[in-house]
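One structure is given below, encoded as structure tokens.
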Amino acid sequence: MANIRSAKKRILVNQTKAARNKAIRSKVKTAIKKVDAAVVAGDKAAAQAALLAATTEIDKAASKGVYHKNNASRKVSRLAKAVNGIA
């Protein structure tokens, strides 16, 4: 454990930020799983609704710096491609 007060504070701040980032990543992963489940089921309406929700979550995560903007864009693109591929 750190002895210097500023180092102790950094540890606490880093833990707080890591917990926040973890929660945001978890929301994104859950949203992506919902889209994937709808695609596998072949339910286009549900997949489109889930895609909209997932896109929102991914964009929020990117704006907060949890994901790089290119990473977020790639995730959205892959999800959209999967949804559009439903016959």
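Is it true that Ala2 is open to solvent by less than 30 Å² (accessible area, probe 1.4 Å) and at pLDDT below 95? Here the answer is yes, as Ala2 does meet what is asked. The residue of region 21-40 that is farthest from Ala80 (Cα to Cα), among those that are open to solvent by 80 Å² or more (accessible area, probe 1.4 Å) and free of Cβ contacts under 8 Å to residues at least 12 places away in the same chain, is Lys22. Consider region 5-20 and keep the residues that are aliphatic (A, V, I, L, M) and more than 17 Å from the chain's Cα centre (by Cα). The one that is surrounded by the most Cβ atoms within 10 Å (Cβ to Cβ) is Ile11. Number of residues in region 42-72 that are over 16 Å from Asn84 (Cβ atoms), open to solvent by less than 80 Å² (accessible area, probe 1.4 Å) and small (Gly, Ala, Ser): the value is 5.
The values are calculated or read from the model by the stated rules, or taken from the named source; none is laboratory data. All of these numbers come straight from a predicted model, not from anything done at the bench. With ideal geometry, Cβ positions are generated from the backbone for all residues, glycine too; neighbour counts draw on all protein chains shown. The accessibility values were calculated without ligands, DNA or RNA, using every heavy atom of the protein model including side chains. Shrake-Rupley method; radii C 1.70, N 1.55, O 1.52, S 1.80 Å.
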